[in-house]
Structures are given as structure tokens and as C-alpha cells.
Amino acid sequence: MMNGPIKKSDLLPKKEKNTRLARFARRVRGILSSNWFLRIFSVLIAVFLWGVLIASDGTLLREKIFQDVEVTVTGADTLRTRGFIVLDDVASLIPTVRMRVEVPQANYSRATGSSYNPRIDLTRIRAAGTQEVEVTTSTSYGRVLEVVPASVTVNVDEYALRERIPVVVETTGALADGLWADTSRSDPSYVAIGGPQTLVSKVTRAVATLDLATLTKSPKTQRNAVAIELQDADGNVIDSPLIEITNQSVIIDSITIETDVYPCIDLPVDVSTAVTGDPATGYQVDSVVASPASVRVAGDAAVLETLTSAIAAGQLSVEDASETVTGAVQLHRMPDLQYVSVSEVLITADIVEQQRERTFKNVAITVQGAADDRTVRLDVTRTTVQLTGGYSFIQTVTAEDVQLYVDVSGLAPGQYELPVQCRIDNAPAFSCALANTSVAVTITEAK
């Protein structure tokens, strides 16, 4: 019986199969024994062994390049304790560097640019002026072959510290109507500053500006945090991030302003008792006015509710005065108030002549403006006159000074009712009342 399929090779004669195997074996032996094969094989073995050696030796160094490695800046505080300060923003001058390093084989994959900590160490500076500072690195992973850029040029000034710079409170804006604010107080009232000598030496004051519009009716005492502004003697602002403002060694950028706020009102000045004495004979006080006419006062609301006016405490004398008198008069003190805009006012007493009357009877009425070829006849030739005027004028005027007349200028013959007019030469203002305000006039041609 047959145990399986018959292979083709089984059909070949046994001698022929042995011949083929022999030829293949001879070829293999020929290749292995040839010179070029041995050379290639040796090279491959060497490369393999070298790779194994490299991979297994962690102390071997390999070069590596890092781009845009961030640079840190250190030592600024220490530099200040030595009396110097860098004027430039070093971090912006050299933000990153390019590094070429040799890394141990064992750390090649772990090493990064930050592993070498490139930095600008400001403690290397020893003097003011223009200084060049190198970029330093750490050597935890091999060594640094090259850093680009390798250094930076900075400007250095002496560090100065000044204490007891006065804080000046200034105001802007306007208070709401009906409010008054007391003088604001700053906390602290003095500050200390530190920074470059060239800037610190110019500072004369620290100014805090309070916006009055932020103050409200309550509470009575109000506190606001306000930014500080350094100024020189001419009021120019000195602003630099290199200057530190401190209070009791604590850096600050604002201070507290405390302000007391009260309601306020305007009180009219009462001048009813502000004048004393009698004017000269024939004169009188016509009016009394105060300047200002009102006084602004501030205080607790309960106190303001009890006030109606500000009363003049002093008196202005008009004794024997014949003209206007002016003088300063103190006001009554109001101790319960927090604020009174003025303590005295200017009082003006207007002195005028008294108006007097005087009557003259049988004053003649004359004719003016009559032509030479006319005859004028009045039905009334005398009348009574009442004059009203200033005292000195009325006292000195006489009946002879009074001129009563009718004006017939340009009138043709006929009958007329004409007004009686009154004139007194060189007289001040006066008024005249007549018993006969008009008269009948007859004009005829002369014969």
C-alpha cells in the first residue's frame, strides 16, 4: 500500500539529486571563502559592535543645538544692596539665546535648553555707567560650547534712597451742591522713595489728587485710596518703574485720603444793626448793603436748621456824614459751625440829602419870546410855587431865584392856553408844583 502522494523529486534518479546538492554546496563554500564577502561581513560586524558600544557607554558626549532658549535675569535686589541699579529692561534686550552644547550620551534625550539655565547675573556689575554682562549657564548636562548672543550691554546708575518725601493732597472736580469738605488729610503724610540717583534726586513731593465729585453726603468722614504721582520742583511728573515708593519699608502705589464732609447753606447777612450815629443835618441813610450779601456756612444738619442769618457784630458809624460811608464789620461768631466763608463783611451806608419843601407866594409870571410888534396879555400874572429838593438847595433858594414864564415864541395873534414853566439858574435837581399850571394868553398886534 502507498502511504502518501508521490513527489516529483522522488521520481528523479538518486544520482541526479545528489549532483544538484553538491553544486549548491560548492557555490556556498565559494562565496564564504571569497575575499570581498569577508570584507563586507567584517564591516557589518564592526558597525554593529560600534553601535552596541556607543549605546552602552553613557559617558560619551554628543553635540546638541537649542534655539530660542529663554534667558532669566537675576541679582537685581543684591545689586541694589551694593548701591547700583540697571536702567534698562534687560529681559527685553536679550529675551532668548541660541545654545550649542555637548551632552552625555546617557542624558541626550532628557536635556533641554532650560536644563542649562541661561541667565544674566546682575551681581557681576561692580560700577555705574555702561557695562557688558555675559550670559552664564549651568553645566549639569555636559558643557556649553557656544551661546549667541553671549553678552548684553546695560546702563547702570547709582541706587539712591530718600525718606520723608512730603505727600501733598490736591483736589479736582466739584463737590455736589449743598456739601462742604474740610481740608483733606493723607495717610501717610510722608513716603520714602528708592531708585536711580538721576531720577530720585529730582523728586520734591508726592502728589495725591482727590476727585471731589466722589465725595457724598454721608458718611461724615470719608476715606479714599488715591494713586501717588511724583513731581519735581516745577510740577513735572517723574514716572519710572525703577522708582519704588515705600511706607515703613512696604512698597505702595497709593495712599489713603481722609476727608470730613458736612452739609452747607448760604445765610443772608443781617445789616439791620450794622450802622450807628446820625448823619449831618439835612442828610439821611438811604440804604445799607453788605458785600458779600450772604455767607456760606457748613456744619451738622441740626445746627444749620437753627440759623436764619449771619448778623453783623460791629457797627459802621455815620455820625455827621454827608456822603456815602463804607467800612469792614465783623460778623457774630458761630462756634458750632465747621466752616464760615468770611469773618467780616464790607458795609456800605448810602447817605443822601433829605428832600424838603418850600412855598413861595405871589411869584410873578413873565412872558418870553414875544415879538416886538406883538402885545401879550396874561389873565393871571402871579401864582404860588411849591419847590421840592435837597436840603441844602431848599435852604438857600429865594423867591427872586424862581423864574415863572410862558413861552409865546412864534405864535400868531390870538388867544391861547399856555403852560407856566419854572426855571432856577444853576439849581440841582428839584421839582416844582404851581397853583396855576397854565394861563390864558391873548396876543395882539401892537398899534
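The values are calculated or read from the model by the stated rules, or taken from the named source; none is laboratory data. What you see is a predicted model; the values in this text were computed from it and never measured. Positions of Cβ are backbone-derived with ideal geometry, glycine not excepted, and every protein chain shown enters the neighbour counts. Remember, those area values only see protein heavy atoms, side chains included, never the ligands or the DNA or RNA. Shrake-Rupley method; radii C 1.70, N 1.55, O 1.52, S 1.80 Å.
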Charge dipole (debye, nearest 20) of the chain; +1 at Cβ of Lys and Arg, -1 at Cβ of Asp and Glu: 7080 debye
Heavy-atom accessible area ranking, 1.4 Å probe, most first, across Arg164, Arg100: Arg164, Arg100
Cysteines not pairable in the chain (beta carbon separation under 4.7 Å absent): Cys264
Dipole-positive endmost among Ala174, Gly129, Val441 within the chain (Cβ charges, Cα centre): Gly129
Accessible area of region 197-328 belonging to carbon and sulfur atoms, whole % at 1.4 Å probe: 46 percent
Projected label distance in nm at Leu145 and Arg126, using a 7 Å step from Cα toward the beta-carbon: 3.2 nm
Anchor Lys361: aspartates and glutamates whose Cα lies under 16 Å away (excluding residues fewer than 8 positions away in-chain): Glu400, Asp401
Relative contact order for region 109-196, counting Cα pairs under 8 Å that sit 6 or more residues apart, in percent: 26 percent
Region 214-306, dipole about Cα centre (Lys/Arg Cβ +1, Asp/Glu Cβ -1), debye to the nearest 20: 320 debye
Mean Cβ count within 10 Å, highest first, over the residues of peptides 182-188, 192-198: 192-198, 182-188
Residues Arg164 and Thr74, FRET efficiency given R0 of 25 Å [Cβ-Cβ distance, rounded to 0.05]: 0.15
Simple spin-label estimate for Ala371 and Ser309 in nanometres, 7 Å along Cα-Cβ: 6.7 nm
Region 95-240 shape via C-alpha gyration tensor axes, a/c threshold 1.5: prolate
Surface accessible to a 1.4 Å probe, Thr209 within the full protein complex, Å²: 60 Å²
Label point distance in nm, Ala176-Leu93, each placed 7 Å from Cα along Cα→Cβ: 5.3 nm
Accessible area in the full protein assembly, largest first, 1.4 Å probe, for Thr359, Thr384: Thr359, Thr384
Surface per residue (accessible, 1.4 Å probe) for the chain, Å²: 61 Å²
Dipole magnitude (debye, nearest 20) for region 121-193, charges at Cβ of Lys, Arg, Asp, Glu: 300 debye
Rounded to the nearest 10 Å², the accessible area of Tyr108 at probe 1.4 Å: 60 Å²
Mean Cα-pair separation over length for the chain, i.e. relative contact order, pairs under 8 Å, 6 or more apart, %: 9 percent
Estimated FRET transfer efficiency (Ser317, Ser409; beta-carbon r; R0 56 Å; 0.05): 0.55
Structure-based [θ]222 nm, the chain - -39500 (n - 2.57) summed over DSSP H runs of at least 4, per residue, nearest 500: -4500 deg cm²/dmol
Label selected from (1) 24.9, 95; (2) 58.6, 207; (3) 20.6, 68, the criterion being Rg and Dmax of the Cα atoms in Å as computed here: (2)
Under 16 Å from the Ala302 label point (7 Å along Cα→beta-carbon), backbone N, region 244-285: 263
Heavy-atom accessible area order for Leu175, Leu346, largest first, 1.4 Å probe: Leu346, Leu175
Two-site FRET efficiency, Asp270 against Lys217, from Cβ-Cβ distance with R₀ of 22 Å, rounded to 0.05: 0.20
Selected from Val367, Ser409, Gly390, residue furthest toward positive end of dipole (the chain; charges at beta carbon): Gly390
Normalised contact order of region 310-445, rounded percent, pairs of Cα under 8 Å and 6 or more residues apart: 23 percent
